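Asks: This structure is in structure tokens; I'll ask about it shortly.
The values are calculated or read from the model by the stated rules, or taken from the named source; none is laboratory data. Fair warning: this is a prediction, and the values are worked out from it, not measured in the lab. Note that each Cβ is placed from the backbone with ideal geometry, even for glycine, and that neighbours are counted across all protein chains shown.
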Amino acid sequence: MVDAGAPLAVSEVGARKTIAIIGGGFSGAAVAYNLSGHPDIAFQTDIVIFEPRAEIGRGLAYDTADPAHRINVPAARMSLRPDAPEHFSAWLARTDAAADDVAAERPDGSLFPRRGVFGAYVADSLKPYLESGAVRHIRAAVTAVRRAPGGWEIEDSAGGRWSAALVVIATTHPPPAPPRALVDALGPHPRFISDPTQPQALAAIRPDDDVLVVGNGLTSADVIASLAASGHRGRILSVSRRGLRSRGHAPFPQEPFGDLLSPPPLSARDLVKRIRDAIRAASAEGLTWHAVIDQVRTQAADVWPNLPVAERRRIVRHLRVFWDVHRFRIAPQVEEALDAAIAAGRLEIVAGSVRKAAIEDDRIRVSVTRKGSADPVEPLFDAVIVTTGPAHGGILDSQAWLRDLHAAGHLHLDPTGLGIDCDAQSQALNPEGVPDDSLLISGPLARGRFGELMGLPQVSEHARLVAARAAETLRTQSHAGEIAAR
């Protein structure tokens with residue numbers, strides 16, 4: 001342990017160095033997991049994770065007890081170890097963690113357990129390293145990160161002060177940014193839910209309440225499934241700009257299909273044409289679009305960097321919503337809940353926008369303009385839930401220490417606005433494009449550089465890259481220190 005008020009002298013030759021990982025969700029946990037087994041790190045380096053939650057590895061996604069929240073990738077493809085995709089499945093078999101969940105197994109034998117179970121798996125996988133002291137869990141939030149001799153100085157919300165040779169930023173995206181008009185009008189209403197990812201966020205909604213859901217992605221699907229599981233009977237109107245609903249999984253197993261790399265596309269238009277051509281070719285062979293989108297996912301790390309920045313921005317601006325609903329598929333159990341709600345006439349999904357709102361007694365009147373219509377309608381609702389997804393562009397203003405690093409010139413947004421800019425080794429870039437080998441970006445916040453870093457298999461792969469980069473940096477620093485001391 002590094003005592004508060006007594007920072008480790010990281011610049012001393014031969015001193016144990018500290019890697020500080022800020023954020024203990026899946027990304028941070030996966031980096032620590034890979035570092036703990038790295039021969040250049042084990043027993044030579046202190047690995048410290050700052051995470052306010054009680055357990056490492058749960059994060060926002062997997063710190064949920066809601067039985068309707070399920071992993072949206074089959075268990076056989078969810079793993080801390082990219083070289084062992086069956087790692088989670090083996091843990092499930094060994095622990096019987098999903099034995100009481102009869103809905104987890106699908107007719108084809110695939111498993112979609114509850115998300116909290118996956119969080120337990122990650123926490124259990126880190127447990128030996130925590131017990132041995134190879135990894136330290138600091139149950140506090142980071143409040144400040146500053147450049148210091150030999151590395152970085154970190155302060156936490158418990159009053160601790162730490163020195164680190166290397167910092168890994170593995171925080172999550174900032175919460176949704178609700179439309180300003182809704183916040184101003186509905187802020188005091190007890191059933192205006194601006195962030196449904198918070199614990200018990202839906203508890204105020206009554207069984208017969210009429211609900212407006214603003215946004216229609218994965219979070220919206222989770223909300224609707226959760227309401228259904230709780231016995232909600234009221235009507236639900238889900239409004240998003242294009243009215244697109246997250247898709248489900250393929251009707252049968254398929255290998256990725258198509259080729260986007262011969263040669264790589266250089267424009268958004270070319271990329272879309274190739275995807276459409278591949279889908280037609282896949283259909284001729286009896287496959288569905290899922291196989292092509294899976295191939296885009298696997299080849300994205302090679303396709304994305306070759307696209308000019310202007311084309312990447314064009315994709316983010318015009319195509320990301322289409323990509324998201326096809327790429328990030330909902331679990332079959334969640335899909336069934338949505339289908340049942342639509343069939344029963346309780347759920348309507350529409351394209352449109354919310355213009356204004358007002359509180360009328362206990363209810364909420366909302367002005368909704370549907371796509372293709374110039375005249376808004378103003379129905380009454382009992383509750384409004386915002387599920388617009390994370391505010392990607394607000395990451396550097398979401399926490400004081402990130403804001404300060406940005407102000408000091410250590411971090412800036414990537415050109416596409418998806419996260420923090422970094423190079424191909426995930427080293428943070430300053431505004432002049434110079435990489436910092438002691439400041440690494442892990443997980444979805446590096447999406448703007450790598451193109452596809454939201455799905456767990458890709459985050460797992462990326463965590464291994466970050467761990468290897470961290471180990472190499474510390475090895476180089478140690479070697480340089482030894483030469484300087486001669």
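Asks: Give me the residue from the stretch 155-185 that is assigned to a loop (DSSP other than H, G, I, E, B) and not small (G, A, S) and, out of that set, modelled with the lowest pLDDT.
Replies: That would be P175.
Asks: Determine which member of the set L60, L130, L126 is part of a helix (DSSP H, G or I), over 21 Å from H173 (Cβ atoms) and out of contact with any helix residue (DSSP H, G or I) (no Cβ under 6 Å at 6 or more places or on another chain).
Replies: L130
Asks: Quick check: is even one residue across the stretch 101-124 β-branched (V, I, T) and either without any contact (Cβ under 8 Å) to a residue 60 or more places away in the chain or surrounded by fewer than 21 Cβ atoms within 10 Å (Cβ to Cβ) (or both)?
Replies: Yes, the conditions are met somewhere in the stretch 101-124.
Asks: Here's something else I'd like to know. Quick check: is even one residue across the stretch 318-339 part of a helix (DSSP H, G or I) and over 30 Å from A76 (Cβ atoms)?
Replies: yes
Asks: Give the stretch 420-431 a look and list any residue that's loosely packed, with under 15 Cβ neighbours inside 10 Å and within 21 Å of G393 (Cβ to Cβ), or say none.
Replies: Scanning the stretch 420-431 gives a single hit, P431.
Asks: Further, regarding this structure: Condition test on S267, is it farther than 30 Å from P107 by Cα, in contact (Cβ under 8 Å) with a residue 40 or more places away in the chain, surrounded by 14 or more Cβ atoms within 10 Å (Cβ to Cβ) and among the hydroxyl-bearing types (S, T, Y)?
Replies: In short, yes.
Asks: Given the options S246, S238, S220, S283, name the one that is in a helix (DSSP H, G or I) and either touching a strand residue (DSSP E or B) at 6+ places or on another chain (Cβ under 9 Å) or in contact (Cβ under 8 Å) with a residue 12 or more places away in the chain (or both).
Replies: S220
Listed here are the residues, each with its yes/no results for (1) surrounded by fewer than 23 Cβ atoms within 10 Å (Cβ to Cβ); (2) within 14 Å of V122 (Cβ to Cβ); (3) polar (S, T, N, Q).
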| residue | (1), (2), (3) |
| --- | --- |
| G37 | yes, no, no |
| D46 | yes, no, no |
| A61 | yes, yes, no |
| D66 | yes, no, no |
| R70 | no, no, no |
| R77 | yes, no, no |
| P82 | yes, no, no |
| E86 | yes, no, no |
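Asks: Hey, another quick one. Can you tell me which residue among I315, I349 is buried (at least 16 other Cβ atoms within 10 Å of the Cβ), among the aliphatic types (A, V, I, L, M) and outside any helix (DSSP H, G or I)?
Replies: Selected residue: I349, the only one of I315, I349 that is buried (at least 16 other Cβ atoms within 10 Å of the Cβ), among the aliphatic types (A, V, I, L, M) and outside any helix (DSSP H, G or I).
Asks: Consider A84 against the criteria (1) within 22 Å of Y129 (Cα to Cα); (2) touching a residue at least 12 places away in the same chain (Cβ under 8 Å): it satisfies all of them except one. Which criterion is unmet?
Replies: Among (1) within 22 Å of Y129 (Cα to Cα); (2) touching a residue at least 12 places away in the same chain (Cβ under 8 Å), A84 violates only (2).
Asks: Exactly one condition in (1) within 28 Å of R115 (Cβ to Cβ); (2) surrounded by 16 or more Cβ atoms within 10 Å (Cβ to Cβ) is not met by G258; state its number.
Replies: (1)
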